[in-house]
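Some notes on the structure that comes next.
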Amino acid sequence: MIKKIGLKDREKTSCIQIVRTNTTPDVDLTKHEINKQELEKGNLGIGHHFVIRLDGTIEKGRDINKIGSGREDAISLCIVGGLNKDKQEDKSYTEQQRVAFGKIIDFIFKTYGVNEVV
């Protein structure tokens with residue numbers, strides 16, 4: 001059994017890290033489903049601070065003050081999608097997702113003064 005030591009606080013916030021679920025347009029993952037997948041892999045649950053679903057719904061994931069998945073100095077944002085119906089890479093997202101993305105970027109900038117996206 002893997003010993004879990006808990007989540008660490010993020011010491012500084014320098015950027016926003018964007019990832020996608022690499023799913024097709026007919027798969028609308030929720031934060032709960034992503035969390036379950038991560039737990040099944042032996043991780044500490046969802047590593048993203050925010051999830052943007054296909055309809056633009058913003059779901060809060062990991063506590064924003066904790067280190068997320070990826071860079072230790074980043075707020076992690078996961079966008080559902082990234083593949084077309086033929087499972088080819090497709091970074092075109094729904095209009096609702098674009099609006100939600102803008103809202104999160106604005107929030108992070110106002111709260112942390114950060115707008116660098118990696």
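Structure summary
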{"item": "Total formal charge among the other residues, if their Cβ is under 13 angstrom from that of V118, Lys/Arg +1 and Asp/Glu -1", "result": "-2"}
{"item": "Listed residues Q97, Q17, Q88, most fluctuating in the chain (Gaussian network, C-alpha, under 10 Å)", "result": "Q88"}
{"item": "Length gained when the stretch K66-D90 is fully extended (0.36 nm per residue, less Cα-Cα span)", "result": "5.6 nm"}
{"item": "Square roots of five times the Cα gyration tensor eigenvalues for region 20-112, Å", "result": "21, 18, 11"}
{"item": "Reachable lysines from K110, criterion Cα separation under 26 angstrom, eight or more residues apart if same chain", "result": "K8, K12, K31, K60, K66"}
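Each value in this text was obtained by applying a stated rule to the coordinates, not by laboratory testing. It should be emphasised that the depicted structure is a prediction, and the values quoted were computed from it without experimental measurement. Counting neighbours? That spans all protein chains shown, and the Cβs are built from the backbone with ideal geometry, glycine included.
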